[in-house]
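Novice: The structure's right below; bear with me while I get my questions together.
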Amino acid sequence: MDALDRALGAGGVLTAMEEELGRARYPGFARQCVRLETEAAELHVYDNHIVNGLLQTPEYARALFAMSRPLLDEETIEQRVAARIARQEIFPRRSRPLMSFVIEEVVLHRPVGGIEVLRGQLEQIPLVGHNRNVEVQVMLTTRVDHAGLSGPFTLIETAGQRRVVYAEAAGVSSLLTERKAVRELEAQYGTIRAQALTPSESLAYIGKLLGEV
């Protein structure tokens, strides 16, 4: 589409239209986050219910959408799986953002889609975590001090140095841009990372789980 845009002298309009059509595949509440992901220079995620979409296998994503209520039809499920996996194009892109993920231990035990789907997901996380620009950490359930009990969120810094926080619950999303609120959650995320296992400990822990499932 970029080449066609240049050939027709469309001034970026066709490219922008393609991007908007791509985002249209996502539920309305997720489109803001998807757009910001494509602009990210840094992206830091804390999750406590499911594996983040950027780390999901197609089978894990499909199982999640199949469990959605109200029920989704098969065509919608496949569209959303394809859209979710397409987000992972962020990893091989030329200007790769710095990324970190903190995952609650219980998420790694939850057999979404069954044991084989869980096994595939546990194999996927270290594959991503071994990228030089990605760090994955596990927050143990036995941790006494825990700064993340208020829920999951994503910190994003764009290439233009804009800093925002995206949070989502029950299909309702919030985009925080006020500097004080963003700064507080940045500090909270720093504490969460300090309380979690280190990246190397976390990958070793996931490897141990793989031997048990």
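Novice: Just wondering, is there one or more residues in the range 139-161 that are charged (D, E, K, R), closer than 17 Å to Asn48 by Cβ and modelled with pLDDT of 95 or more?
Specialist: Kept after step one, since they are charged (D, E, K, R), are these residues of the range 139-161: 143, 145, 157.
Of the ones still in play, those that are also closer than 17 Å to Asn48 by Cβ are 143, 145.
Those still in the list that are modelled with pLDDT of 95 or more too: 143, 145.
Yes.
Novice: What number of residues in the range 81-110 are open to solvent by 70 Å² or more (accessible area, probe 1.4 Å), charged (D, E, K, R) and at pLDDT 95 or above? If you could, list the steps in order and put the result at the bottom.
Specialist: Applying the first criterion (open to solvent by 70 Å² or more (accessible area, probe 1.4 Å)) to the range 81-110 yields 89, 92, 94-96, 98, 109-110.
Next, from what is left, pick out any that are charged (D, E, K, R): 89, 94, 96, 110.
Keeping just the survivors that are at pLDDT 95 or above gives 110.
Total satisfying the criteria: 1.
Novice: In the range 113-123, what residues are crowded, with 19+ Cβ neighbours inside 10 Å and in contact with a Leu (Cβ under 7 Å, 6 or more places away or on another chain)?
Specialist: Selection gives Leu122 alone.
Novice: Also, I was wondering about something else. Any residue that is modelled with pLDDT under 95 and among the β-branched types (Val, Ile, Thr) - is there at least one of those in the range 185-207? It would help to see each step written out before you state the result.
Specialist: Start the filter on the range 185-207 by keeping residues that are modelled with pLDDT under 95, which leaves none.
Looking through the range 185-207, none of the residues is modelled with pLDDT under 95 and among the β-branched types (Val, Ile, Thr).
Novice: Go through the range 84-131 and give me each residue that's aromatic (Phe, Trp, Tyr) and assigned to a strand (DSSP E or B).
Specialist: As a first pass, look at the range 84-131 and keep what is aromatic (Phe, Trp, Tyr): 91, 101.
Result: Phe101, single match.
Novice: Would you please name the residue that is surrounded by the most Cβ atoms within 10 Å (Cβ to Cβ), looking only at residues in the range 189-213 that are of a type in the set (A, V, I, L, M, F, W, C) and in contact (Cβ under 8 Å) with a residue 24 or more places away in the chain? Talk me through it step by step, then tell me what you get.
Specialist: The initial filter retains those residues of the range 189-213 that are of a type in the set (A, V, I, L, M, F, W, C), namely 192, 194, 196-197, 203-204, 206, 209-210, 213.
Add one more test, that the residue is in contact (Cβ under 8 Å) with a residue 24 or more places away in the chain, and what stays is 192, 196-197, 203, 206, 209-210, 213.
Values: Ile192: 21, Ala196: 25, Leu197: 20, Leu203: 19, Ile206: 21, Leu209: 16, Leu210: 15, Val213: 13.
Only one residue tops the list, namely Ala196.
Novice: What are the pairs, 6+ residues apart or on separate chains, where a residue within the range 108-134 that is farther than 18 Å from Leu64 by Cβ and touching a residue at least 60 places away in the same chain (Cβ under 8 Å) has its Cβ under 9 Å from a residue that is among the small types (Gly, Ala, Ser) and assigned to a loop (DSSP other than H, G, I, E, B)?
Specialist: The qualifying pairs do not exist here.
Novice: Here is a further query. Hey, could you check the range 128-166 for residues that are out of contact with any helix residue (DSSP H, G or I) (no Cβ under 8 Å at 6 or more places or on another chain) and surrounded by 18 or more Cβ atoms within 10 Å (Cβ to Cβ) and say which is farthest from Gly207 (Cα to Cα)?
Specialist: Looking at the filtered set, the residue picked out is Glu157.
The values are calculated or read from the model by the stated rules, or taken from the named source; none is laboratory data. Computed from a predicted structure; not experimentally measured. Here Cβ is always computed from backbone atoms with ideal geometry, including for glycine, and neighbour counts include all displayed protein chains. These area figures cover heavy atoms from the full protein model, side chains too; ligands, DNA and RNA do not enter into them. Shrake-Rupley method; radii C 1.70, N 1.55, O 1.52, S 1.80 Å.
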